[in-house]
Amino acid sequence: MDFTYLKYLSKGHDKKQILHDLMLAYGQDVWNFAFSLTGQRNLADDIRQDVFVKAFNKLETFRGDSSPKLWLLSITRHVAFDYRKSMFLRKVCLVEYITEKTTSQSAEKEYFKNCLIKDTWQVVLSLPVKLREVMVLYIHHQLSIEEIGELLDISESAVKVRIHRARKKVNTICNERKGEISEEV
């Protein structure tokens with residue numbers, strides 16, 4: 001969906017329709033990013049709702065310097081960090097697991113694939129926030145290094161360093177887990 005017209009909004013536009021279009025186009029991306037930052041489905045739902053309320057209220061302030069997706073993900077990041085600062089989240093942090101539903105030729109292959117995906121997401125979600133968010137933005141949301149730097153307000157080289165460190169840490173943890181499993185067998 002093309003949202004280039006957002007740069008040229010006037011007072012007579014239909015904000016509800018624009019919000020509806022933004023929610024259809026980017027609602028799942030906002031939820032996924034919120035979930036990756038918080039690790040809680042119900043919190044991701046709340047954050048997504050708050051993001052679109054803020055977007056609705058600030059629609060006229062969108063300058064078009066970035067894509068609408070990047071603008072919404074930036075709002076998502078700020079709202080998620082506000083939630084993380086609350087006292088409840090400092091005391092309680094529950095992590096739900098992400099599973100991907102796909103079909104395979106055999107139930108055994110599907111089981112092992114789901115286990116691998118689940119284990120990998122557990123590792124990614126266990127990373128520190130700085131590393132976790134670049135992994136999610138780069139791999140899941142497929143943002144460029146430049147866009148991630150703009151969203152996080154860091155240099156492109158810092159984004160590259162974080163991606164490298166995150167990958168290295170995920171590989172290290174996964175290899176350690178493989179070693180523990182082979183020792184048990």
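Tabulated data for the structure shown
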quantity: Within segment 124-144, considering residues that are open to solvent by 40 Å² or more (accessible area, probe 1.4 Å), closer than 12 Å to ARG162 by Cα and in a helix (DSSP H, G or I), the one modelled with the lowest pLDDT; calculated: TYR138
quantity: For LEU152: the one exception among (1) open to solvent by 70 Å² or more (accessible area, probe 1.4 Å); (2) within 15 Å of the chain's Cα centre (by Cα); (3) at pLDDT 90 or above; calculated: (1)
quantity: Single condition ARG41 does not satisfy, out of (1) more than 30 Å from PRO128 (Cβ to Cβ); (2) open to solvent by 70 Å² or more (accessible area, probe 1.4 Å); (3) modelled with pLDDT of 85 or more; (4) in contact with a helix residue (DSSP H, G or I) (Cβ under 7 Å, 6 or more places away or on another chain); calculated: (1)
quantity: Hits in segment 11-34 - residues which are out of contact with any Phe, Trp or Tyr (no Cβ under 9 Å at 6 or more places or on another chain), outside any loop (DSSP other than H, G, I, E, B) and at pLDDT below 90; calculated: GLN17, HIS20
quantity: Residue ID - modelled with the highest pLDDT, chosen from residues in segment 85-113 that are open to solvent by less than 90 Å² (accessible area, probe 1.4 Å) and part of a helix (DSSP H, G or I); calculated: GLU110
quantity: Flag if PHE56 is over 24 Å from GLY149 (Cα atoms), open to solvent by 50 Å² or more (accessible area, probe 1.4 Å), modelled with pLDDT under 80 and not in a loop (DSSP other than H, G, I, E, B); calculated: no
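The values are calculated or read from the model by the stated rules, or taken from the named source; none is laboratory data. None of these values were measured; they are calculated from a predicted model. Every residue, glycine as well, gets a Cβ built from its backbone with ideal geometry; the counts of neighbours run over all protein chains shown. The area values use the complete protein model at the heavy-atom level, side chains included, leaving out ligands, DNA and RNA. Shrake-Rupley method; radii C 1.70, N 1.55, O 1.52, S 1.80 Å.
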